Amino acid sequence: MQYIDVVIDNKSVNTDALYTYKAPDEVRAGAKLTVPFARRSSVEAYCVRSCVTPSIDGSKIKEIISFDPERSLSSEMVETALWLRKRCGTKYIDGLKMFAVEGKREKALSRRECGPSEPGYELTEAQSEAAGRICTSIKKRENRTFLIKGVTNSGKTEVYMHAVAEALSQGRTAIVLLPEIALASQVADRFRERFGSSIIATLHSRLRKSERLSEWLRIRRGEAKIVIGARTSVFAPLENIGIIVIDEEHESTYKSDHNPKYETVDVAFKRAALSDAVLVLGSATPGVTSYYRAKSGIYELIEMNERIGDSRMPVLETVDMRKEAVSGNTGVISRELAGQIDRSLQKKEQVILFLNRRGFSTRIFCPDCGYRMTCPDCGIALTYHRSSNAAVCHYCGRKFPLAGTCPDCGSKFIKYAGAGTEKVEEEVRTLWPKAGVDRFDLDTASAADDPAKVIADFQKGKTDILVGTQILAKGLDFRNVGLVGIINADVSLNIPDYRAPERTYQLITQVAGRAGRAGGESLVLIQTYEPDSDVIKEAAAGDYESFYESELLHRSIMNYPPYSDIISVGFVADDDDTALSYAEAFRSRLAGLKSAPEGAVVMRPRLDERRTDGRSRAVFIVKAPGGSRAGYVNEYMALRDRLIQSKAPVFAEIDINPYGSV
């Protein structure tokens, strides 16, 4: 017998600690256990350390009941979970459960079976060079990170497949991550055609528990060698990893905004380091922080500046919507865009209309007194959705009935303003009644039994005009798009986030990249009320380097990433005063630390409009200079322990480099 340290499978912060048990000698770190705990005869747990020296009398230590080898984790997975706690301030069990699986019965996924095949064409010179550099590192078992900066349709996926093939030839495994489930499904089909169905598994949130269990066990048994999926697939229970790929690495969906809160690239970087594996990041518009790391030598930069085959880059032009308004056009589609849609339909080319706002109207207000309809829980302006005839909060998802009169002044003249994708779809159907029109945004993707069907219909030519949000900008491959219209391109410039310029540049470039893939001329029209914006101009010119240099200068002045980490610390309580008092006390402690690094900024707390279950939330921001985040995370963990021990009437939470208002 030996002594082991165990983490109890319990969500409560009160049990977020290590507990010592007796166990058979064959139990190792990662073992899934059943143990007696407190007054319960049995609970599930995980071993995180074996062969430990107990700090209490051995006669008082309980023995485990059993362990399950089939559901157990590897030592690398345990080490990554423990690292996640130090890196992001998560609970022990939160990190471990990301690798684990629930469910009792297996149900195999239905998939089109196919065997492996050879590549259908030779690599271009740029593809060959990129694949060669990555494959060389895989052969040498070098832990390196590559950033592929490749224009849209430059053939990055083919490079990934060659690198994965090299890893497989070395007897190793691979993880391929995509920012959206629809895109992951599309890429998974390509990988199945190349490598066969039997060695590929998919993991994503739309799987039933039984299906996820089946895929998880296939991976854990070593039957599946390649895992393809969205963000959480970075925790796939693979061993002997040879390569991890993060495609469209700039996408915000790679940041988890619910517990445990983590950056996917950080987890991938850690797992690759522990496995002596290669990490490959790919994007036509790399995140500023990623490109900075490549320029600084932390990543190895690979550039692919030409499209493959007959594909040609589209022409990008801007349309000044201020002039449209002056000339009497109050619609969402400019005269120039309408004319180009007519021409594209005549040429049997498809059209994408992009607007990064879903719903019908984005503001519901009273013109008499200025009342604005907002979510009572979140404080966020509600959006009118005509399809459900309701006002919807895009933060918490709650729906509210529409008010017939103003609740403040009683006026019957409630107004709806602003345009979302529903309104664009309606206007398009009115203007082009004979065209096949469809919409793809979070609403349609969530409501559809098969959200990929909208994409499939467009790819098959059943749809002439596709209206959508940022989902359309995430790497989807359309062959017959001759025109892309970007409606209100400056919407994302006004979001309360320091990344707003970066996000705007990326969205314009990425959605523009859906055009011109089958060869021939194609056009992208950028409708904007801010045509003189440097970001709009740089995106229209395809000048990433100029955008990067100006954005980097701004961030250095403002002390934003990559020069710092932004740490959000929140306190949730039943009332505003309690939340604010605890936030101010901790802020004062951090601001007064003798060990605080030079250049650190600790801002004063404020009440967050986005409430949690109707409770008050006070939050403050720390700008922690590079390399200092660990100290602040440690201070937070110590605070959390003190709050638990004192049974304080407040709950503390932390988020590193959050997306949204800072």
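The table for this structure:
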read-out: Residue in region 12-31 that is hydroxyl-bearing (S, T, Y) and in a helix (DSSP H, G or I) present; value: yes
read-out: Residue selected from region 239-255 under the condition of a type in the set (V, I, T) and in contact with a strand residue (DSSP E or B) (Cβ under 9 Å, 6 or more places away or on another chain), by the criterion surrounded by the fewest Cβ atoms within 10 Å (Cβ to Cβ); value: I241
read-out: Positions within region 302-317 being outside any loop (DSSP other than H, G, I, E, B) and crowded, with 21+ Cβ neighbours inside 10 Å, in sequence order; value: I302, M304
read-out: Any strands (runs of 3 or more DSSP E) falling wholly within region 127-231 and containing at least 1 residues that are of a type in the set (S, T, N, Q); value: 145-150, 173-177, 200-203
read-out: Only one of C114, C135 that is surrounded by 13 or more Cβ atoms within 10 Å (Cβ to Cβ), in contact with a helix residue (DSSP H, G or I) (Cβ under 8 Å, 6 or more places away or on another chain) and over 27 Å from L301 (Cα atoms); value: C114
read-out: Some residue of region 140-160 being touching a residue at least 24 places away in the same chain (Cβ under 8 Å), under 18 Å from E251 (Cα atoms) and among the basic types (K, R); value: yes
read-out: V234, sole failed condition from (1) of a type outside the set (S, T, N, Q); (2) closer than 18 Å to M98 by Cβ; (3) in a helix (DSSP H, G or I); (4) free of Cβ contacts under 8 Å to residues at least 40 places away in the same chain; value: (4)
read-out: Answer residue from region 273-328, given it is modelled with pLDDT of 95 or more and basic (K, R) and is farthest from I244 (Cα to Cα) among those; value: K295
read-out: Residue match in region 580-593 (condition: closer than 29 Å to V481 by Cα, assigned to a helix (DSSP H, G or I) and in contact with a helix residue (DSSP H, G or I) (Cβ under 8 Å, 6 or more places away or on another chain)); value: no
read-out: Which numbered condition H258 misses (of (1) surrounded by 19 or more Cβ atoms within 10 Å (Cβ to Cβ); (2) within 18 Å of the chain's Cα centre (by Cα); (3) free of Cβ contacts under 8 Å to residues at least 60 places away in the same chain); value: (1)
read-out: Those residues of region 15-40 which are within 17 Å of S55 (Cβ to Cβ) and either in contact (Cβ under 8 Å) with a residue 40 or more places away in the chain or acidic (D, E) (or both), in sequence order; value: A17, L18, T20, Y21, K22, A23
read-out: Residue list for region 254-275, restricted to those being under 19 Å from K149 (Cα atoms) and polar (S, T, N, Q); value: T264
read-out: Sole residue being touching a residue at least 12 places away in the same chain (Cβ under 8 Å), farther than 26 Å from V481 by Cβ and not hydrophobic (A, V, I, L, M, F, W, C), chosen from Q170, Q186, Q127; value: Q170
read-out: Residue in region 41-56 that is nearest to I644 (Cα to Cα), counting only those that are surrounded by 18 or more Cβ atoms within 10 Å (Cβ to Cβ) and of a type in the set (S, T, Y); value: Y46
read-out: Candidate set: region 10-40, residues that are surrounded by fewer than 20 Cβ atoms within 10 Å (Cβ to Cβ) and of a type in the set (S, T, Y); chosen: the one farthest from the chain's Cα centre (by Cα); value: T20
read-out: Region 531-543 residues that are in the same structural domain as V511 (by TED's automatic domain parsing), paired with ones that are assigned to a helix (DSSP H, G or I) and of a type in the set (K, R) (beta carbon under 9 Å, 6 or more apart); value: P531/R322; P531/K537; D543/K537
read-out: Number of positions in region 465-475 that are modelled with pLDDT under 80 and more than 16 Å from the chain's Cα centre (by Cα); value: 0
read-out: Selection count where residues are within 18 Å of D497 (Cβ to Cβ) and assigned to a helix (DSSP H, G or I), scope region 557-579; value: 2
read-out: Residue within region 284-301 that is more than 24 Å from L552 (Cβ to Cβ), in the same structural domain as A201 (by TED's automatic domain parsing) and surrounded by fewer than 17 Cβ atoms within 10 Å (Cβ to Cβ) present; value: no
read-out: One residue from V43, V78, V7 being part of a strand (DSSP E or B) and within 29 Å of the chain's Cα centre (by Cα); value: V7
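The values are calculated or read from the model by the stated rules, or taken from the named source; none is laboratory data. As the structure is a prediction and not an experimental result, all values here were calculated from the model. Please note: Cβ atoms are built from the backbone with ideal geometry, for glycine as well, and neighbour counts cover all protein chains shown.
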